[in-house]
Amino acid sequence: MRKQLVLEDGFHLYGEAFGSKEDSDVFEIVFNTSMTGYQEILSDPSYFGQGVLFTNPLIGNYGINRDDFEALTPSLSAVFVSTLCDRPSNFRAKLSLEAFLASAKIPGLQGIDTRAVVRHIRSQGVLRGKIVSEERNSKEVQKELVETPLRHDHVQHVMTKKAYEIPASGKRIVLMDFGAKLNILHALVGHGCSVIVVPGNSSYEEILSYAPDGILVSNGPGDPMDNREAITTLSKLIESDIPIFGICLGHQLISLAKGGKTYKMKFGHRGANQPVIDLKTGKVLITSQNHGYAVDEKSLEGTGLVPTYVNLNDRTIEGVKDIRHPVSSVQFHPEAAAGPHDAYPLIQDFLKTIDEKEDFIHA
């Protein structure tokens, strides 16, 4: 079955439908440059409301397994590939990519000129789009896209609705869930932490009621400015001097809580090959990233936040730390599923911050 991708500026092309054969909802089309890890990408809650285009020419060759999900229910809106592998070969595979997307009711297009779409996005910026039948008039669809209002409720759809705890004998960490990847949780549990996962919009009082040794602010989708309640809560938590670490959206929210500003990037960073430099050591890390917003460096002046990492491709801010409080954050993903793992020690550094604070208190 042939269908078409239509973007809000009139750009359109045709491909072969796979997964769900229904028309898609309106989405924001983005591209990911990772060569592996498509299962983790497809199940990342940060892609809520987006259509993901893979630049790697062959997708689906190792199938879908039961262990590598970042969320049990995928929340992206559409998938685009150049070539779909319909016969995966891997001993862990339980489903083909086609079967997985069909069961999740997510539409896809294969056989499209992915390079042309990426060049268009890099030129025009991210755009709203929709998958529709090939018979539809593309100009009518374009009009629908232009008239569709932007969403501001992304986080509400992917964060946990109720707090829950994974008990252990180690440090008590509150994970503020704005759409947290499961491997963030796995990383904390793997270090022996007792993790209390709470909705991202939980109150200051509720978070303190769990007597946390530290707080981790998760990744998540959408415009960080849509989370004003959480920004206010974080500003109070920072003043409490509890060690706090932010990842991706969490990095942006911490910066906003301290008085900084964020802006929407032209096409963002999405892939597992983003180079960042540690401004303290000069060491370069290859990192996994997925974000369309960034922190404005100039807005950090006078906030008490100083940059710690910078992207070597475009010089955007990739990390900050507070000079007055035990607070730091990074724009990239140190838990890095499906890799690379250059930044994984940053989670250990966060836990060391808790130890150092306890040593100071009891000195």
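The values are calculated or read from the model by the stated rules, or taken from the named source; none is laboratory data. Just so it is clear, the model here is predicted, and its values are computed rather than measured. Methodologically, a virtual Cβ is constructed for each residue, glycine included, from the backbone with ideal geometry; neighbour enumeration extends over all protein chains shown. Ligands, DNA and RNA are stripped out before the accessible areas are found, and what is left, the full protein with its side chains, is counted by its heavy atoms. Shrake-Rupley method; radii C 1.70, N 1.55, O 1.52, S 1.80 Å.
Tabulated results
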read-out: 1.4 Å probe accessible area per residue over segment 16-99, in Å²; value: 41
read-out: Percent carbon-and-sulfur accessible area, the chain, ignoring ligands, DNA and RNA, probe 1.4 Å; value: 50
read-out: Where labels lie 7 Å past Cα in the beta-carbon direction, separation of Thr83 and Asp241 in nm; value: 6.0
read-out: Highest to lowest packing among 134-140, 47-53, 344-350, scored as the average C-beta count within 10 Å; value: 47-53, 344-350, 134-140
read-out: Against the rule of thumb 2.2 N^0.38 Å, how large the Cα Rg of the chain comes out; value: 0.99
read-out: Cα convex hull of segment 113-209, projected area averaged across orientations, nm²; value: 10.2
read-out: For segment 154-278: lysine pairs under 27 Å (alpha-carbon distance), excluding those fewer than 8 apart on one chain; value: 19
read-out: Over segment 1-129: Rg over Rh, Cα atoms, Kirkwood Rh; value: 0.94
read-out: Dipole axis of the chain (+1 Lys, Arg; -1 Asp, Glu on Cβ), positive-most option in Leu216, Ala102, Leu76; value: Ala102
read-out: Percentage of interatomic Cα-Cα distances in segment 198-333 larger than 18 Å; value: 50
read-out: Average Cα contact separation per residue, the chain, under 8 Å, 6 or more apart, as relative contact order %; value: 15
read-out: Simple spin-label estimate for Asp355 and Thr148 in nanometres, 7 Å along Cα-Cβ; value: 4.9
